[in-house]
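S.K.: Structure below; questions to follow.
The values are calculated or read from the model by the stated rules, or taken from the named source; none is laboratory data. Note that the structure is predicted; figures quoted are calculated from it, not measured. Positions of Cβ are backbone-derived with ideal geometry, glycine not excepted, and every protein chain shown enters the neighbour counts. Please note that ligands, DNA and RNA were not included when accessible areas were found on the heavy atoms of the full protein model with its side chains. Shrake-Rupley method; radii C 1.70, N 1.55, O 1.52, S 1.80 Å.
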Amino acid sequence: MKHGKKYNDSAKLIEAGKFYDVDEAVAVAVKTATAKFDETVEIHVRLGVDSRHADQQVRGAVVLPNGTGKTIRTLVFAKGDKADAAKEAGSDYVGAEELVAKIQNENWLDFDVVIASPDMMGVVGRLGKVLGPRGLMPTPKAGTVTPDVAKAVVEAKAGKIEYRLDKTNIIHCPIGKVSFGPEKLQENFDALMNAIIKAKPAATKGQYIKSCTIATTMGPGVKLNVAKFGA
């Protein structure tokens, strides 16, 4: 794969073969950002688990202390008092069957997080084929199926992100924008990594965190020294 001049110039800032400590890695990643927009900073964590086994799944959610830098649009499925509470909490969309129909008939997907009260899951379940592949299906594990929909809305808007393994046993997650600066990005990194370490399945054998790379949207990856995580 050929890369452009900017990418190649950025790659020169990274020492070949070096595994960086977190603070250094974040600082270098920020320096590699050369795009004209505020690039997202992501981490990619490869775990020593097998996602094909139910007892080795790693999935959860964590509120990043400094948010993600993205304006999150929430959709809440609820009725009665819970619907009122969701509206008060600032949810962008609140409704029930009529929103299911809108999604099914109009392919409407102008939202980033879907939250549902438990009594609505029978209705929301009809959207499995639409929301599931996009990672938008509410789940108790991610805290998006909950009686306290108002709290879930507040957390989503404050920067709560979901982390989950893909088929290659890697977790891909944003930890903020380049404009946050290294200090805030590291605080977000620490919060996410601590959550991933705490979610270590009991069935895991050997090294849990195999590798970790941090990169900006358009920049090269910076490899981290995972021995420091002790997992």
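S.K.: How many residues does segment 61-91 contain that are under 25 Å from the mean Cα position of the chain (by Cα), closer than 21 Å to THR139 by Cβ, surrounded by fewer than 18 Cβ atoms within 10 Å (Cβ to Cβ) and without any contact (Cβ under 8 Å) to a residue 60 or more places away in the chain?
M.R.: The qualifying residues number 1.
S.K.: Among (1) touching a strand residue (DSSP E or B) at 6+ places or on another chain (Cβ under 6 Å); (2) in a loop (DSSP other than H, G, I, E, B); (3) touching a residue at least 60 places away in the same chain (Cβ under 8 Å), where does ILE175 come up short?
M.R.: Checking ILE175 against (1) touching a strand residue (DSSP E or B) at 6+ places or on another chain (Cβ under 6 Å); (2) in a loop (DSSP other than H, G, I, E, B); (3) touching a residue at least 60 places away in the same chain (Cβ under 8 Å), the one that fails is (2).
S.K.: Between a first residue in segment 211-231 that is part of a loop (DSSP other than H, G, I, E, B) and a second residue that is at pLDDT 90 or above and small (Gly, Ala, Ser), which pairs have beta carbons less than 6 Å apart while being 6 or more apart in sequence or on different chains?
M.R.: Note: pairs meeting the criteria are GLY221/ALA215.
S.K.: Name the single residue that is least open to solvent (accessible area, probe 1.4 Å) among those in segment 209-231 being closer than 19 Å to ASP21 by Cβ and among the hydroxyl-bearing types (Ser, Thr, Tyr).
M.R.: Start the filter on segment 209-231 by keeping residues that are closer than 19 Å to ASP21 by Cβ, which leaves 209-216, 219-231.
So of that shortlist, the ones also among the hydroxyl-bearing types (Ser, Thr, Tyr) come out as 211, 213, 216.
Values: SER211: 40, THR213: 36, THR216: 8 Å².
Taking the candidates together, the pick is THR216.
S.K.: Residues that are within 19 Å of ARG73 (Cβ to Cβ), β-branched (Val, Ile, Thr) and in contact with a Phe, Trp or Tyr (Cβ under 6 Å, 6 or more places away or on another chain): does segment 131-144 have at least one?
M.R.: no
S.K.: Sticking with this one: Tell me which of these PRO138 doesn't satisfy, since it passes every other one: (1) in contact with an Asp or Glu (Cβ under 7 Å, 6 or more places away or on another chain); (2) touching a residue at least 40 places away in the same chain (Cβ under 8 Å); (3) closer than 21 Å to LEU99 by Cα.
M.R.: It is condition (1) that PRO138 fails.
S.K.: Can you give me the number of residues within segment 19-48 that are touching a Lys or Arg at 6+ places or on another chain (Cβ under 7 Å) and at pLDDT below 90?
M.R.: Number satisfying all stated conditions: 1.
S.K.: For THR34, which of the numbered conditions (1) under 24 Å from TYR163 (Cα atoms); (2) touching a residue at least 40 places away in the same chain (Cβ under 8 Å); (3) of a type in the set (Ser, Thr, Tyr) fails to hold?
M.R.: Here THR34 meets the rest and fails (1).
S.K.: Right, here's the next one. Of all residues in segment 92-135, count the ones that are open to solvent by 70 Å² or more (accessible area, probe 1.4 Å), of a type outside the set (D, E, K, R) and farther than 17 Å from VAL153 by Cα.
M.R.: Counting residues in segment 92-135 that are open to solvent by 70 Å² or more (accessible area, probe 1.4 Å), of a type outside the set (D, E, K, R) and farther than 17 Å from VAL153 by Cα gives 4.
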